[in-house]
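The values are calculated or read from the model by the stated rules, or taken from the named source; none is laboratory data. These figures come from a predicted structure and were not determined experimentally. Here Cβ is always computed from backbone atoms with ideal geometry, including for glycine, and neighbour counts include all displayed protein chains. Calculation scope for accessible area: heavy atoms of the full protein, side chains included, ligands and nucleic acids excluded. Shrake-Rupley method; radii C 1.70, N 1.55, O 1.52, S 1.80 Å.
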Amino acid sequence: MKLLTRIARHLWLDADDAERALGAAGLHRLEDSVRESERRHLGEICVCIEASLPLRELWRLLRGPRTADEAVSERALALFGELRVWDTELNNGVLIYVQLAEHRLEILADRALARRVPPEAWHGAVAKACDAFRRNELEQGLGAAINAVDAALQEHFPKPEGDLPGSPERSNEIANRPLIR
């Protein structure tokens, strides 16, 4: 029965469901959170919300020996490359990937940040966000993940002292608006 439920969730959910889960106001607040975060450090944050795995990935999961966690991790890694989060000038881009059908979140950091913050350091933020997702609090879960990434980037890639809040903004290499897929 679990298998049929999983298949149904992936086939049923689409980008419109992801957008409805957040609403226009929620998307705007998350965009503002990313923008405000990026004013405090030199990193780039990309939020990607995917309602369900693409059919090819779902089929691979069902045929598997892969677990759902592995499938979501592999999908996040593929999007990390596809969305060019790895391609920021300082190699400190971060992808916050949400897989709605699986109620999962992955945080992937590019090499400059990953050398300073091991993947295990994100476990607390991921667990907190996933708990919020299970309570249908997608925006709050994503907010917690953005805050965790923000704290790491402020610690390891702080904005230089000469950059005051009113100074001209640096180049924004990755869109601040969450991507819905």
Practice task
Sort the stretch 7-126 into rounded, prolate or oblate with this rule: let a ≥ b ≥ c be the square roots of the eigenvalues of the Cα gyration tensor; rounded if a/c is under 1.5, and if a/c is not under 1.5, prolate when a/b is larger than b/c, oblate otherwise.
Solution key: oblate
Practice task
Could you work out how far helix 15-38 tilts from the main Cα principal axis of the chain, as a 0 to 90 degree angle to the nearest 10?
Solution key: 20 degrees
Practice task
With a 1.4 Å probe and every protein chain kept in, tell me what percent of the accessible surface of the chain is carbon plus sulfur.
Solution key: 54 percent
Practice task
Provide the per-residue ³J(HN,Hα) series for the stretch 49-62, in order, calculated from phi with Karplus coefficients 6.51, -1.76, 1.60 and θ = phi - 60°, each as a whole number of Hz, with x at glycine and proline positions.
Solution key: 10, 10, 5, 8, 5, x, 3, 4, 6, 5, 4, 4, 5, 5
Completion exercise
Restricting to Cα pairs under 8 Å and 6 or more apart, the percent relative contact order of the chain works out to 33 percent
Fill in the blank from the handout: Karplus-derived 3J(HN,Hα) from phi for the stretch 134-146 (6.51 cos²θ - 1.76 cosθ + 1.60, θ = phi - 60°), whole Hz, x at Gly and Pro, runs 5, 8, 6, 10, 4, 4, 5, x, 5, x, 5, 5, 4
Fill in the blank from the handout: In nm, the gap between the two label points placed 7 Å beyond Cα toward Cβ at GLU120 and ARG29 is 3.4 nm
Exercise for the section: Calculate how steeply helix 2-12 sits against the longest principal axis of the alpha-carbon atoms of the chain, using the helix alpha-carbon long axis, and give the answer as 0 to 90 degrees to the nearest 10. Expected result: 60 degrees
